[in-house]
Amino acid sequence: MKYTNITVAGSGVLGSQIAYQTAFKGFNVTVYDINEEALERAQDRIINLTQRYQEDLGASEEEVNSAYNRISFFYDLSKAVSHADLLIEAIPEVVQIKTDFYKELGKVAPEKTIFATNSSTLLPSQFAEATGRPEKFLALHFANEIRKNNTAEIMKHQQTDMKVFNEVIEFAKAIGMVAIPLYKEQPGYILNTLLGPFLAAATYLVMKGISDPETVDKTWMAATGAPIGPFGAYDVIGFTTPYNALIEKAKTGDKETVKVAKWLKTEFIDKGKLGRESGEGFYKYPHPHYMEPDFLKN
Ligand code: NAD
């Protein structure tokens, strides 16, 4: 592996997870955030993760502590990147914040440093010029709870150097991810390109009164052998992210999307039904109906 020192910029929900997973796999990690308070919050998040790694993955106390000790914390950007082979950016999903960040980063980072954005909805070409090194820039997109949902989508933009693309794929594998390369830019990457229309079609069938969630799931599961249907998947993902995506789409004036967003809000979110994590969504947990042995029977 060509990379040794990894800097993670932004230590919120995803940044703290990326930093800890990377350290857990033996890399030296530097966390960068805007000030001391943000870094203190990051430390708390990461200490919580050490417990998750012990409980969920059976990691030993020594393993989780040595991973923690491989992480250092800086709010001075030039210090935070002074040795970085790769910088993974996980700062807020706001174009202006990211653009300003990349302009500054491009000035202070060593020439060797590769930049990768974890953005879910923005494309790397939007920031390529701001980085000052478009050929060393691409997207590296993780899923929430990366220790369990271990996909990493690695997406080129037109100017990304193929060598850099391949190195980042190897890096993703080295930190325990299933590496998913995308050779061209695609909003939503592979996963959400598939998932968005899939969930939208399922919702359409129910909202139009054509069917009900259990029948839709049953159809999908019986016909394809899949262990879960679209509404079961909704519960796993949770309602907040799809709701936020719908609200964004509704801004384009799409009336159907507005209806679906309202339905999710009034029938589920407002009633505290947020999916599996909250104990109820389309199904009740921990024993959702679709997992029962007779679910696929008539
Ligand atoms: P978050 O709000 O939890 O964390 C953002 C962090 O960035 C905070 O610690 C904040 O202090 C810091 N920050 C703010 N301005 C900064 C700046 N100028 N420079 C450096 N740090 C700054 O956000 P998040 O949910 O972790 O999302 C971060 C990125 O990851 C976004 O691009 C998002 O699309 C992507 N992402 C999020 C998820 C998710 O499920 N939350 C999943 C995949 C990808």
Checklist entry - Is it true that some residue in the stretch 80-99 is under 18 Å from the mean Cα position of the chain (by Cα), in the same structural domain as A130 (by TED's automatic domain parsing) and assigned to a helix (DSSP H, G or I)? => result yes
Checklist outcome for this item: Looking across the stretch 1-19 at residues that are more than 10 Å from I175 (Cα to Cα) and in a helix (DSSP H, G or I), the single one that is farthest from the ligand (Cβ to nearest atom) is A19
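Checking the structure you have, find out if any residue of the stretch 160-169 is away from the ligand (no atom under 13 Å from the Cβ) and touching a Gly at 6+ places or on another chain (Cβ under 7 Å).
Here is the first cut: in the stretch 160-169, the residues away from the ligand (no atom under 13 Å from the Cβ) are 160-169.
If we keep only those that are touching a Gly at 6+ places or on another chain (Cβ under 7 Å) as well, we get none.
Within the stretch 160-169, not a single residue is away from the ligand (no atom under 13 Å from the Cβ) and touching a Gly at 6+ places or on another chain (Cβ under 7 Å).
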Item to check | Hits in the stretch 87-123 (condition: farther than 25 Å from A245 by Cβ and either out of contact with any helix residue (DSSP H, G or I) (no Cβ under 9 Å at 6 or more places or on another chain) or more than 10 Å from the ligand (Cβ to nearest atom) (or both)) | outcome: L87, K103, G106, K107, V108, A109, P110, E111, K112, T113, I114, F115
Next on the checklist: Out of D212, D217, I need the residue that is in contact with a helix residue (DSSP H, G or I) (Cβ under 7 Å, 6 or more places away or on another chain), at pLDDT 95 or above and surrounded by fewer than 16 Cβ atoms within 10 Å (Cβ to Cβ). Which one?
Outcome noted: D212
Checklist outcome for this item: Within the stretch 177-216, the residues that are of a type in the set (S, T, Y) and touching a strand residue (DSSP E or B) at 6+ places or on another chain (Cβ under 8 Å) are Y189
Checklist entry - For the stretch 121-150, what are the residues that are assigned to a helix (DSSP H, G or I) and free of Cβ contacts under 8 Å to residues at least 60 places away in the same chain? => result Q126, A128, E129, A130, T131, P134, E135, K136
Checklist entry - Taking D44, is it touching a residue at least 24 places away in the same chain (Cβ under 8 Å) and either surrounded by 14 or more Cβ atoms within 10 Å (Cβ to Cβ) or within 15 Å of the ligand (Cβ to nearest atom) (or both)? => result no
Checklist outcome for this item: Considering the stretch 20-41, residues that are within 9 Å of the ligand (Cβ to nearest atom) and within 19 Å of the chain's Cα centre (by Cα), and then whichever is surrounded by the most Cβ atoms within 10 Å (Cβ to Cβ), we arrive at Y32
Next on the checklist: Against the condition in contact (Cβ under 8 Å) with a residue 24 or more places away in the chain and either surrounded by fewer than 20 Cβ atoms within 10 Å (Cβ to Cβ) or of a type in the set (K, R) (or both), how does D161 come out, does it pass?
Outcome noted: yes
Checklist outcome for this item: A careful count of residues in the stretch 182-216 that are under 15 Å from the mean Cα position of the chain (by Cα) and not in a helix (DSSP H, G or I) gives 4
Next on the checklist: Which count do you get for residues in the stretch 71-86 that are surrounded by fewer than 19 Cβ atoms within 10 Å (Cβ to Cβ) and away from the ligand (no atom under 12 Å from the Cβ)?
Outcome noted: 5
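Going by the structure shown, is I34 outside any loop (DSSP other than H, G, I, E, B) and either on the phi < 0 side of the Ramachandran plot or in the same structural domain as V178 (by TED's automatic domain parsing) (or both)? Steps first, please.
On the way: outside any loop (DSSP other than H, G, I, E, B): no; either on the phi < 0 side of the Ramachandran plot or in the same structural domain as V178 (by TED's automatic domain parsing) (or both): yes.
When the stated conditions are applied, I34 does not pass them.
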Next on the checklist: Please go through (1) under 12 Å from the mean Cα position of the chain (by Cα); (2) without any contact (Cβ under 8 Å) to a residue 24 or more places away in the chain for E153 and return the number of the only condition it doesn't satisfy.
Outcome noted: (2)
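The values are calculated or read from the model by the stated rules, or taken from the named source; none is laboratory data. Because the structure is a prediction, the values reported are computed rather than measured. A quick note on method: Cβ atoms are made from the backbone with ideal geometry, for glycine too, and the neighbour counts reach across all protein chains shown.
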